[in-house]
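The values are calculated or read from the model by the stated rules, or taken from the named source; none is laboratory data. Quick caveat: nothing in here was measured; it's all calculated off a predicted structure. Heads up, the Cβs are rebuilt from the backbone with ideal geometry, glycines too, and the neighbour counts pull from every protein chain shown. Surface areas here come from the heavy atoms of the whole protein model, side chains and all, with no ligands, DNA or RNA. Shrake-Rupley method; radii C 1.70, N 1.55, O 1.52, S 1.80 Å.
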Amino acid sequence: MASPTVKLNSGYDMPLVGFGLWKVNNDTCADQVYHAIKEGYRLFDGACDYGNEVEAGQGIARAIKDGLVQRSDLFIVSKLWNSFHDGPQVEPICRKQLADWGIDYFDLYIVHFPIALKYVDPAIRYPPGWKSASDELEFSPASIQETWTAMESLVDKGLARSIGISNFSAQLVMDLLRYARIRPATLQIEHHPYLTQTRLVDFAQKQGLTVTAYSSFGPLSFLELDVRDAVSTPPLFEHEVVRKVAQRCGRTPAQVLLRWATQRGVAVIPKSNDPQRLRQNLDVTGWDLEEGEVQAIAALDQGLRFNDPIGYGLDIPIF
Ligand SMILES: NC(=O)c1ccc[n+]([C@@H]2O[C@H](COP(=O)([O-])OP(=O)(O)OC[C@H]3O[C@@H](n4cnc5c(N)ncnc54)[C@H](OP(=O)(O)O)[C@@H]3O)[C@@H](O)[C@H]2O)c1
């Protein structure tokens, strides 16, 4: 089974359903990527910060070598980490990430957060995480405009086909669009029924940015990180509204949550370690929720955000 694609404002087609690589263990990552390709996944959502780009690239190389796919069938996404926002650092780190993956261009390269941190030499610590070389939280003076201009030059040089942003508010998107020579192709945000961000999604879509949802299952992904609100929030899979829709559609609650996004043109990037769940997560297009069901799920919104630097004990109040 393959995912349908959506046309980005850069002219490239992006699969509406992909595989997210956050918290995919290094020892299993190559196999997971290989099996996901076998199941039909073509988009892989990686990042410097996930620390598994080498292994993800090994999975891809094996799939290409075995004739499962060609590079041109795949849509490989990676992200610029906060420590590399200084204009002169953007190209070198992008080249390092490409070398880690073993490829010569990214289909999409995203500014991970609108947060510029002090540069950390990869020889000292990689991925650097949130702290500087002296293990402090230190910011860089780089503006988003400086970073974005360097991102645009990655497109000029053929290192990235499309560029995008993540965790940006509508205000930041508005500002960026004033000076962007190349508009962001996508905006990746936390998006699930407890955090629908309807105004931001509508605004981005009207501006021609494709929205990608992360953490589509809400609290589930954050239980293992012991994020306080995630532990105390009722699981979405067990919510009566979601269960009822799942029952009517003859689908799993996970599929309902993913379809709730894709039906509104929002791309999804779930990950699973389990072959059966991997398969069902790809089967989230081509069947529909009723409009009333879409509304009922959207009405679960509580403005509840789980992926917040403040929640990780970092004094960075971006949300
Ligand atoms: N831009 C950003 O700042 C940002 C932040 C967070 C995430 N992301 C991206 O978004 C991707 C997805 O987000 P996420 O990792 O937070 O969450 P997710 O992939 O939406 O959810 C993962 C959790 O759901 C479980 N799961 C997956 N499919 C299931 C199914 N069909 N039924 C039941 N359980 C299922 C997984 O367990 P099993 O593996 O055991 O199935 C895992 O515990 C990430 O991998 C990353 O690429 C981006």
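Key figures
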item	result
Cleavage-rule hits, GluC sites (Glu not before Pro), segment 91-189, DSSP coil, Cβ neighbours within 10 Å at most 10	Glu136
Cα gyration tensor shape of segment 91-133, rounded if a/c is under 1.5, else prolate or oblate by comparing a/b with b/c	oblate
Under 5 Å, built H, 5+ apart or other chain: amide partners of Leu43	Phe19, Phe75
Segment 202-319, relative contact order [Cα under 8 Å, separation at least 6], %	27 percent
Computed over segment 127-210: relative contact order in percent, which uses C-alpha pairs under 8 Å that are six or more apart	25 percent
Inverse of mean 1/r across different Cα pairs in segment 41-192, Kirkwood, Å	15.8 Å
Within segment 87-121: backbone nitrogen closer than 15 Å to the Glu136 label point (7 Å, Cα to C-beta)	117-120
Sites Ala2 and Arg199, calculated FRET efficiency, Cβ-Cβ separation with R0 22 Å, nearest 0.05	0.10
Neighbour net charge for Leu117 - beta-carbon separation under 11 angstrom, K R +1, D E -1	-1
Local net charge near Glu293, Cβ-Cβ under 13 Å (Lys/Arg +1, Asp/Glu -1)	+2
Segment 252-263 - phi-based ³J(HN,Hα) in whole Hz, Karplus 6.51/-1.76/1.60, Gly and Pro as x	8, x, 4, 5, 4, 5, 6, 5, 4, 7, 5, 5
Per-pair calculated FRET efficiency, R0 = 30 Å: Gln70 and Arg95 via Cβ, rounded to 0.05	0.85
Diffusion coefficient, µm² s⁻¹, Stokes-Einstein with Kirkwood Rh over alpha-carbon pairs of segment 1-69 at 4 °C and 1.567 mPa s	104 µm²/s
Helical contribution to [θ] at 222 nm, DSSP H n ≥ 4, -39,500 (n - 2.57), averaged over the chain, rounded to 500	-11000 deg cm²/dmol
Semi-axis lengths, Å, segment 155-216, gyration tensor of Cα atoms, sqrt of 5 times eigenvalues	22, 14, 8
Karplus-derived HN-Hα couplings along segment 106-121 (A = 6.51, B = -1.76, C = 1.60, θ = phi - 60°), whole Hz, x at Gly and Pro	9, 5, 8, 10, 10, 6, 5, 9, x, 9, 9, 9, 4, 4, 10, 4
P(r) tail fraction, the chain - alpha-carbon pairs more than 29 Å apart, %	34 percent
HN-Hα J in Hz across segment 163-180 - Karplus 6.51, -1.76, 1.60, θ = phi - 60°, x for Gly and Pro	10, x, 9, 9, 6, 8, 7, 4, 4, 5, 5, 4, 5, 4, 5, 5, 10, 5
Along each principal axis, Cα extent of segment 191-319, largest first, Å	43, 35, 26
Fraction of accessible area attributable to carbon and sulfur, the chain (%, probe 1.4 Å)	49 percent
Taking all pairs of distinct alpha-carbon atoms in segment 219-273, Kirkwood radius in angstrom	12.3 Å
Net lengthening on full extension, Asp156/Lys206 (0.36 nm per residue, minus Cα-Cα)	15.4 nm
In nm, spacing of pseudo-spin labels at Asp104 and Glu240 (7 Å Cα→C-beta vector)	5.9 nm
Mean separation of Cα contacts under 8 Å, 6 or more apart, over the residue count of segment 95-251: relative contact order %	17 percent
Segment 180-319 - share of DSSP beta bridges that are antiparallel (%, nearest 5)	10 percent
Directionally averaged projected area (convex hull, Cα atoms, segment 57-141), nm²	5.9 nm²
Projected area, mean over directions - segment 247-319, Cα convex hull, nm²	6.5 nm²
Amide proton proximity set for Thr210, modelled H, under 5 Å, gap of 5+	Asn9, Thr186, Leu187
Share, in percent, of DSSP beta bridges within the chain that are antiparallel, nearest 5	15 percent
Cut-off under 5 Å, modelled amide H: who pairs with Val6 long-range	Met14, Leu16
